[in-house]
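The block underneath contains the structure these notes are about, expressed in structure tokens.
The values are calculated or read from the model by the stated rules, or taken from the named source; none is laboratory data. Just so it is clear, the model here is predicted, and its values are computed rather than measured. When we count neighbours, we look across all protein chains shown, and the Cβ atoms used for this are built from the backbone with ideal geometry, even at glycine.
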Ligand code: SF4
């Protein structure tokens, strides 16, 4: 038996996609966990921007790269699914070509199982395509699907993904139990099993940055967010262990850019993030940090802002969502009046410029007016930060789901494609028509 495993991060199928520090961190953790048992891991990242086969193929134009390792993906325009035909925008497969994916799969001999991850619910066509091709090339090999879509839309994934099993637990030991069910032999037993080894970034072709998870879960329960469903408890790692991981990637892969994936990075910072940042400062490596997942405004004290500045934080994102506190009352409790102004002022006093401080606004919430989004854009600008619109995507298992179903003209329950935020699925057509004006306004503020 070869003990070879294939792990696949599938394509994105969407109207737009951008690599903002996007890596399949969960699957990389599973790769790190499973190779301890002697499995030979073949990791196929369909979103690989550095795939040598793509770089050599001159029918594709290399995706542009931006500062700090972000940038575009490879992209090929494809036909829209029937249910999205009405959307007047091109639809694409983001990632490597099908032929390169097939070639990679064909080069792997006698795998014992194929593990596939998933992220956004409405990206499931990419998951289904990857599974169908993997099955064609390796017939009879068990296919196991996990990830966010698999957990949020379990029934749909069981019916349509083509996987033999759809995993709903985040625990990697579940995979070992499934191997047992399929009669897959575990190559070697180990005495000192590391429950959470580093994610296997070394299996990727090239890393421009590393994504870090210093905690899971979030103590808040915003009604539009699935964090409590996916990670019900807040658990924080030992700051010294995180420091070791950062120094490891810096030393062995030469990485300077690190993006935090935490949902609650600064919560209880005196026992966690402050200790980590002080420790990084003592080592004085020349690193840069980014927070694409928003920070909580109420947690940004002047002391933390100073520490972040000294440690090399370059990209700050705050989750404000709206400046209208009558809306906050209905959707979340993560921010109180005055928190936002205080957080921006603390960041500015610590030396961050307006362009460093990006603030997320949720647009397209059920019942939300265009005017309230516009006011939020201007409010952020007035406080010396820059606005970033994020379109609301209705997510199953969130507290706002029922209301989203009620407000949406789409069958968001029966068809995950309709959960796509590009559709603004909970806004009526007149609000949708005004959305471009909001985008233009936010962009104009960012360019000031
Ligand atoms: S604070 Fe952020 S991560 Fe936590 S529940 Fe709210 S949106 Fe989700």
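Does residue 59 meet the test of being more than 22 Å from the chain's Cα centre (by Cα), surrounded by fewer than 17 Cβ atoms within 10 Å (Cβ to Cβ), in the same structural domain as residue 138 (by TED's automatic domain parsing) and within 30 Å of residue 287 (Cβ to Cβ)? No. Residues that are part of a helix (DSSP H, G or I) and in contact with a strand residue (DSSP E or B) (Cβ under 9 Å, 6 or more places away or on another chain) were ranked within the range 354-371; the one that is surrounded by the fewest Cβ atoms within 10 Å (Cβ to Cβ) is 355.
Within the set 184, 175, the sole residue that is over 25 Å from the mean Cα position of the chain (by Cα) and surrounded by 14 or more Cβ atoms within 10 Å (Cβ to Cβ) turns out to be 184. The lone criterion from (1) touching a helix residue (DSSP H, G or I) at 6+ places or on another chain (Cβ under 7 Å); (2) without any contact (Cβ under 8 Å) to a residue 40 or more places away in the chain; (3) not in a loop (DSSP other than H, G, I, E, B) left unmet by residue 30 is number (2).
Within the range 131-183, work out how many residues are outside any helix (DSSP H, G or I), in contact with a helix residue (DSSP H, G or I) (Cβ under 9 Å, 6 or more places away or on another chain), modelled with pLDDT of 95 or more and closer than 15 Å to residue 39 by Cβ. Matching residues across the range 131-183 total 3.
Residues are listed down the side, and each one gets a yes or a no for (1) over 18 Å from residue 382 (Cβ atoms); (2) assigned by TED's automatic domain parsing to the domain that holds residue 378; (3) not in a helix (DSSP H, G or I):
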{"site": "308", "(1), (2), (3)": "yes, yes, no"}
{"site": "329", "(1), (2), (3)": "yes, yes, no"}
{"site": "342", "(1), (2), (3)": "no, yes, no"}
{"site": "352", "(1), (2), (3)": "no, yes, yes"}
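Out of curiosity, is residue 265 assigned by TED's automatic domain parsing to the domain that holds residue 373 and within 12 Å of the ligand (Cβ to nearest atom)? Spelling it out, residue 265 is indeed assigned by TED's automatic domain parsing to the domain that holds residue 373 and within 12 Å of the ligand (Cβ to nearest atom).
Pairs linking a residue in the range 213-231 that is free of Cβ contacts under 8 Å to residues at least 12 places away in the same chain to a residue that is within 7 Å of the ligand (Cβ to nearest atom), with Cβ atoms under 6 Å and 6 or more positions apart or on different chains, are 228/221.
The lone criterion from (1) buried (at least 17 other Cβ atoms within 10 Å of the Cβ); (2) closer than 17 Å to residue 128 by Cβ; (3) touching a residue at least 12 places away in the same chain (Cβ under 8 Å) left unmet by residue 41 is number (2).
Scanning for something away from the ligand (no atom under 16 Å from the Cβ), assigned by TED's automatic domain parsing to the domain that holds residue 218, buried (at least 19 other Cβ atoms within 10 Å of the Cβ) and in a helix (DSSP H, G or I), does the range 312-326 turn up at least one residue? Scanning the range 312-326 turns up no residue that is away from the ligand (no atom under 16 Å from the Cβ), assigned by TED's automatic domain parsing to the domain that holds residue 218, buried (at least 19 other Cβ atoms within 10 Å of the Cβ) and in a helix (DSSP H, G or I). Restricting the range 33-56 to residues that are in a helix (DSSP H, G or I) and closer than 30 Å to residue 168 by Cα, which is nearest to the chain's Cα centre (by Cα)? Step by step, filter the range 33-56, then rank; the result is 33. Please tell me if residue 336 is outside any helix (DSSP H, G or I) and either within 16 Å of the ligand (Cβ to nearest atom) or crowded, with 18+ Cβ neighbours inside 10 Å (or both). The answer is yes for residue 336.
Taking the listed residues 409, 402, the one that is assigned to a helix (DSSP H, G or I) and closer than 22 Å to residue 123 by Cα is 402, with no other qualifying. For residue 186, state whether it is away from the ligand (no atom under 16 Å from the Cβ), assigned by TED's automatic domain parsing to the domain that holds residue 30 and at pLDDT 90 or above. Judged against the criteria, residue 186 is not a match. Only one entry of 391, 337 meets the criterion of being at pLDDT below 95 and touching a helix residue (DSSP H, G or I) at 6+ places or on another chain (Cβ under 9 Å), and that entry is 337.
When each of 207, 191 is tested for being touching a helix residue (DSSP H, G or I) at 6+ places or on another chain (Cβ under 6 Å) and in a loop (DSSP other than H, G, I, E, B), the lone residue that passes is 207.
Applying the criterion of being away from the ligand (no atom under 14 Å from the Cβ) and part of a strand (DSSP E or B) to the residues of the range 279-306, the residue that is surrounded by the fewest Cβ atoms within 10 Å (Cβ to Cβ) is 288. Checked across the range 217-236, the condition of being away from the ligand (no atom under 13 Å from the Cβ), under 30 Å from residue 397 (Cβ atoms) and touching a helix residue (DSSP H, G or I) at 6+ places or on another chain (Cβ under 9 Å) holds for at least one residue.
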